[in-house]
Amino acid sequence: MSLLREPTLYTIKAIIILDNDGNRMIAKYFDDIFPTTKEQRQWEKNLFNKTHRASSEITILDNLTIVYRGNVDLFFYVVGSSSENELILQSVLTTLYDSVNSLLKKNVEKSCLLDNMDSICLILDEICDQGIILENDYQTIASRCALKGDDISLGEQTVAQVRDYKTLSYYYFIAKTEELYEF
Amino acid sequence: MHGFRRDKKEEEDGSGSHSLLHLDKSSVLQEARATFNGTPVVARKCSHVLTKILMVLNQGEAIGKEEATETFFAITKLFQSRDQAVRRLVYVCIKDMASISNDVIIVTSSLTKDMTGKEDEWRAPAIRALCRITDAQMLQSIERLMKQAMVDKTPQVASAALTSSVHVARTNPEVVRRWLNEATEAASSSGEGLVQYHAIGLLYTARKHDKLAVRKLVSKHARIANRSSLACCLLIRIAAKALEEDDSVPNSGEMMDFIEGCLRHKSEMVIYEAARSLVGLNATNPKELAPAVSVLQLFCSSPKPTLRLAAVRTLSAAAAIQPAAVSACNLDLENLMSDGNRSVATLAMSTLLKTGGESSVERLVKQISSFMADIGDELKVEVVRAVRSLCEKFPRKASTLSATLAQMLRDEGGVEYKSALVDALIAVLHDDNDARNAALSHLCEFIEDCEHTSLATRVLHVLGREGPKTARPAAFIRYIYNRVILEAAAVRAAAVTALAQFGAHCPQLLPSILVLLRRCALDQDDEVRDRATLYIAIFQSEDQSLISSFISGEMHYSVTALEKSLKNYLKTSCSEEFDMKTVPIATPLEQGITSGSAPGSAPIEPVVARAKATVKEDPLEKVPQLAKYSPVFKSSGPLALTEALTEYTVSCVKHVTGSHVVLQFTCENTLTDQLLEDVWVQVEGDLEIVEIVNIDELKCGVQQSCYTVVELPDVDNLSSTFTLACTLKFKVRDCDPTTGEVDDGSYDDDYVLEDIEITVADHIQKVLKADWAAAWEELGPQNELEDTFALSAMNTLQEAVKQIHSFLGMQACERSDNVPEGRSAHTLLLAGVFRGGHAVLVRSRLALSNGVTMNLSVRSTDPRVSNLITQSVG
């Protein structure tokens, strides 16, 4: 094992979230370790089989170091090279988990995750950019990625706002006028 | 989002599965086009559909170029919406589709607008998306914006710009080099977040070849206290890398202090990185290793599995270099053997195997089998390596250990694991004669049921080589012939060759071997039949020299070089016969790399190492003027011709070819205020210069090579040593170190270098003869020369052996370079090939008597070579 790594920002090879049957919820590969989807899926299966029963938080598979964490029906994985500093990978996993936890208001489970998939995509994008750790503070990430489910569309919104504004000023105008008339 | 939730509820009544997991690609893309092109743009609906697109991409379904482009164009319509969610998802979609869609650059102006806009939440992702879609030409237009963004006061924006620059530097390094002033500013700013980390990373990426700049980078940032842990880890790595490459740099002490200081950092991540780098810097002596080992020892009892694994992994690597330093942790490691995490337990055990004493070996080995069932192949390989190094350390335990290895061979495992096992057993064969028979029979048993062709052929080769030397060679024939009946063509062919080996070495078996070979000659595969037919014909000729050169002899040619020579030959008219003597010889190191010469420190990726060895290129092919001298017969190691840290540093590599010596001078200019032009090296002495290739321009801090070619006289006139006086000649142009502006005028200057010697060793390539005595007999006494010398300067036999060995530059055979302790006489057996393809064997009998007396016998295919060697020693 070579302990001296080339100093580089490229740290993470993949971030994966699987459900409790080993199915992919979301997976981002930042390295061509597994060029085809088929290889990726096969590897995820192997990874899942190796990790879903064990209670520990780190494993080595195919010359890769993987740190992971399970919760209810979800498994979070961060993958790095076998010569990567394990604690850095662990810190990325913690950031990922805490961001998701904060976003889902502690309901870290499959159905909640899927309901907020748009925000999850953003979280992954904010944590890691093509393998470089972009941000490691979960609160910053969660606040950036919490998308408020606005039910009003852009068109409706503006029209409604404009109308509200107009109505308000209309009443204001009337009130003013009435005041004026009183004097 | 409400949309998803509704879908989910509908589904839950039926299959209980979420709609996002069962998306149909074409209907999603259809929906996307319909929704995004509609007016007004309904934000909620759009972000819903964008998420669906992301999920389709995430599931890995292939999307055609045309479909993708169409969808991409629909997505670009969404820039008219100012909805937070939509815009953010659009950025992610653009990045994910950048590689599968055409004409992605059409969004450049929209992204540029967002990048410079007021919304901080948009600026950072817009920069990242923009850099993903930009090509080399467009890069110019965003240069100014990138520089601005790097020093932006919002950390998010600065980080985005810096990381994107790192990505861009992969394809356009020269553009990014213009942005480094801003990166330097960002690195020294007190910005929050990871800005510093990213800036240092970018600076290193752009300047890693400039040693001076790297040193400055480390020493500047090592002093700043306010760093994130990640930045700190990166700095440690940069410092360690710089130290590894060259630990004689002036501020190496400072860098070392920095790394050691990080052992007391508050973050575990940094402490671990520092400890690991200290272990990785192999040069460290036990005293320097001790603080690293003691922090790792503390980590061993951490409640966090990650920390324990990290610690034991590093200890295991440290144990390979310095078992003694790690043995202090033996107790902690014993505790870790029962760790819940199997990886931790196995690594602890393999470390103990390295650090433990002879007495604990058997106890540990017994526990191995309980581990092997449920661990991955990588760790199994680790264990096998540990067992293998034990065999070398404690030869008395070799038979117990090889039994364990054989047991492991019977278990399931991948090819890499099995091949590590086979390597270990083969190593036992070489090392230990007692265990040889046992190991051979284990291997025989293994090929009875081996699914990997590559391993079966390797084992057959070893059987062919080692089997005939055993007491009962006939016992192996059955195993080998079974392969001929049962296996694939490649294995059958290897088996035929192995059989022939037995025929050549054991005359009493020859009649039976011939019967078997005749049967093989009826094989359905061409290669098998050809081999059998060839061997039968050779055996029937009863010509001993034919047998020894085609069957029992070994091929020393480098296979890649042979392939190249043959290709070159085919380009000619082929009117002359192909001359084997022009093919370079493979050095024993190259041959031995597959079996891993140093098992303890063997790289974890042996495949890579092997690939590197075979693609080793001919250094002369790269320089067009020198290609005519190719191929190189032998290259020496680099030899420094200047002191370190002088104005100009020059080192020399001697490439000896058939009739010339190409001297490659690697020059570096360390003066920032000079630009050197037309740099070349003049050599004066007994040899004529025939060609010079100079360096046109040598800037400060850059290494480049110039070449001087001298012609060698033929063997008759060759004297044993040539001395060449060297002078570096060049034109100097002064330049301004800060702006890089160069003066117009130039003047000639020279710089005296140390002399180069071309010795006998430069003409001889090492060759490993497995059976030296047979080779000696084969060369015959016709060109033998013998002489006796008194080496009065030597006091011990080992010293004399070392001296002769390095003086002649030949390969010591049959482990004769190790003098057993307490002996007063020793025989050193050397083998090599002289330039031009003449085999040379040297037998040097040494006796200790008031200094060392040496009786030297030389045999060669060319009498002149024998003569030269005897003369040179005297």
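Suppose we filter the range A:60-84 for residues that are among the polar types (S, T, N, Q) and under 22 Å from B:Ala274 (Cα atoms); how many remain?
Residues of the range A:60-84 that are among the polar types (S, T, N, Q), as a first pass: A:63, A:65, A:71, A:81-83.
Filter once more, keeping what is under 22 Å from B:Ala274 (Cα atoms): A:65, A:81-83.
Number of matching residues: 4.
When you look at B:Glu416, is it more than 21 Å from B:Ser369 (Cβ to Cβ) and assigned to a helix (DSSP H, G or I), yes or no? Steps first, answer last, please.
Values: more than 21 Å from B:Ser369 (Cβ to Cβ): no; assigned to a helix (DSSP H, G or I): yes.
The answer is no for B:Glu416.
Quick one: is A:Glu156 more than 29 Å from the chain's Cα centre (by Cα) and either modelled with pLDDT of 85 or more or under 27 Å from B:Ile53 (Cα atoms) (or both)?
Details: more than 29 Å from the chain's Cα centre (by Cα): yes; either modelled with pLDDT of 85 or more or under 27 Å from B:Ile53 (Cα atoms) (or both): yes.
In short, yes.
For B:Ala348, work out the one condition from (1) open to solvent by 10 Å² or more (accessible area, probe 1.4 Å); (2) modelled with pLDDT of 85 or more it doesn't fulfil.
For B:Ala348, the failing item is (1).
Residue by residue through the range B:650-674, note down the ones that are β-branched (Val, Ile, Thr) and closer than 29 Å to B:Lys766 by Cβ.
Of all residues in the range B:650-674, those β-branched (Val, Ile, Thr) come to B:650, B:653, B:656-657, B:661-662, B:666, B:670, B:672.
Residues satisfying the conditions are B:Val650, B:Val653, B:Val656, B:Thr657, B:Val661, B:Val662, B:Thr666.
Suppose we keep only residues that are away from chain A (no Cβ under 14 Å) and basic (Lys, Arg) within the range B:176-227. Which one would you say is farthest from the chain's Cα centre (by Cα)?
B:Arg223
In the range B:378-413, which residue that is part of a loop (DSSP other than H, G, I, E, B) and touching an Asp or Glu at 6+ places or on another chain (Cβ under 7 Å) is surrounded by the most Cβ atoms within 10 Å (Cβ to Cβ)? Show your work before the answer.
So in the range B:378-413, the residues part of a loop (DSSP other than H, G, I, E, B) come out as B:394, B:411-413.
Then keep just the ones that are touching an Asp or Glu at 6+ places or on another chain (Cβ under 7 Å); that gives B:394, B:413.
Details: B:Phe394: 15, B:Gly413: 18.
The extreme case among them is B:Gly413.
I'd like the full set of residues that are surrounded by 14 or more Cβ atoms within 10 Å (Cβ to Cβ), free of Cβ contacts under 8 Å to residues at least 24 places away in the same chain and either in contact with a helix residue (DSSP H, G or I) (Cβ under 6 Å, 6 or more places away or on another chain) or within 14 Å of B:Ile758 (Cβ to Cβ) (or both), limited to the range B:684-701.
Answer for the range B:684-701, where residues must be surrounded by 14 or more Cβ atoms within 10 Å (Cβ to Cβ), free of Cβ contacts under 8 Å to residues at least 24 places away in the same chain and either in contact with a helix residue (DSSP H, G or I) (Cβ under 6 Å, 6 or more places away or on another chain) or within 14 Å of B:Ile758 (Cβ to Cβ) (or both): just B:Ile689.
List pairs: first in the range B:56-71 and within 14 Å of chain A (Cβ to nearest Cβ) and open to solvent by 30 Å² or more (accessible area, probe 1.4 Å), second in a helix (DSSP H, G or I) and among the acidic types (Asp, Glu), Cβ under 6 Å, 6+ apart or cross-chain?
Final answer for the pair search is B:Leu57/B:Asp96.
Checking the condition more than 10 Å from chain B (Cβ to nearest Cβ), over 27 Å from B:Arg88 (Cα atoms), at pLDDT 90 or above and outside any helix (DSSP H, G or I), which residue from A:Arg69, A:Arg53 passes? Let's see the steps before the verdict.
On the way: A:Arg53 fails: at pLDDT 90 or above.
Residue meeting the stated conditions: A:Arg69.
So in the range B:267-310, with the set limited to residues that are open to solvent by 50 Å² or more (accessible area, probe 1.4 Å) and under 25 Å from the mean Cα position of the chain (by Cα), which one is modelled with the lowest pLDDT?
Looking at residues that are open to solvent by 50 Å² or more (accessible area, probe 1.4 Å) and under 25 Å from the mean Cα position of the chain (by Cα), I get B:Ala283.
So A:Asp62 clears everything in (1) farther than 27 Å from B:Cys46 by Cα; (2) surrounded by 19 or more Cβ atoms within 10 Å (Cβ to Cβ); (3) at the interface with another protein chain (Cβ under 9 Å from one of its Cβ atoms) except one condition, right? Which one?
(2)
Look through the range B:81-112, keep the residues that are without any contact (Cβ under 8 Å) to a residue 12 or more places away in the chain and farther than 21 Å from B:Ile63 by Cβ, and return whichever of them is most open to solvent (accessible area, probe 1.4 Å).
The initial filter retains those residues of the range B:81-112 that are without any contact (Cβ under 8 Å) to a residue 12 or more places away in the chain, namely B:82, B:99, B:109.
With the extra rule that they be farther than 21 Å from B:Ile63 by Cβ, the set shrinks to B:82, B:109.
Numbers: B:Arg82: 153, B:Ser109: 81 Å².
The extreme case among them is B:Arg82.
Would you mind telling me which numbered condition in (1) part of a loop (DSSP other than H, G, I, E, B); (2) over 32 Å from the mean Cα position of the chain (by Cα) B:Asn855 fails?
Going through (1) part of a loop (DSSP other than H, G, I, E, B); (2) over 32 Å from the mean Cα position of the chain (by Cα) one by one, B:Asn855 breaks only (1).
Every residue, every condition in (1) within 13 Å of chain A (Cβ to nearest Cβ); (2) of a type in the set (D, E, K, R); (3) out of contact with any Ser or Thr (no Cβ under 6 Å at 6 or more places or on another chain), yes or no:
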| residue | (1), (2), (3) |
| --- | --- |
| B:Leu307 | yes, no, yes |
| B:Thr314 | yes, no, yes |
| B:Ala319 | yes, no, no |
| B:Pro323 | no, no, no |
| B:Ala328 | no, no, yes |
| B:Asn341 | yes, no, no |
| B:Met349 | no, no, yes |
| B:Gly356 | no, no, yes |
| B:Ser360 | no, no, yes |
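Considering only residues that are free of Cβ contacts under 8 Å to residues at least 40 places away in the same chain, closer than 28 Å to B:Ser19 by Cα and open to solvent by 30 Å² or more (accessible area, probe 1.4 Å), look in the range A:22-33 and name the one that is farthest from the other protein chains (Cβ to nearest Cβ).
Result: A:Tyr29.
Quick check on the range B:511-521. Is at least one of its residues in the same structural domain as B:Ala456 (by TED's automatic domain parsing), open to solvent by 30 Å² or more (accessible area, probe 1.4 Å), touching a Cys at 6+ places or on another chain (Cβ under 8 Å) and of a type outside the set (Lys, Arg)?
No, the range B:511-521 contains no residue that is in the same structural domain as B:Ala456 (by TED's automatic domain parsing), open to solvent by 30 Å² or more (accessible area, probe 1.4 Å), touching a Cys at 6+ places or on another chain (Cβ under 8 Å) and of a type outside the set (Lys, Arg).
Give the range B:428-473 a look and list any residue that's of a type in the set (D, E, K, R) and in contact with a Cys (Cβ under 8 Å, 6 or more places away or on another chain), or say none. Working first, answer last.
Initially, the range B:428-473 is screened for residues of a type in the set (D, E, K, R), giving B:431-432, B:434, B:436, B:445, B:448-449, B:451, B:458, B:465-466, B:469, B:472.
The answer is B:Asp431, B:Asp432.
The values are calculated or read from the model by the stated rules, or taken from the named source; none is laboratory data. For clarity, every value in this text was computed on a predicted model and none was experimentally measured. Positions of Cβ are generated from backbone atoms using ideal geometry, with glycine treated the same way; all protein chains shown enter the neighbour counts. For the accessible areas, the whole protein counts, side chains as well, though only heavy atoms, and no ligand, DNA or RNA atoms are used. Shrake-Rupley method; radii C 1.70, N 1.55, O 1.52, S 1.80 Å.
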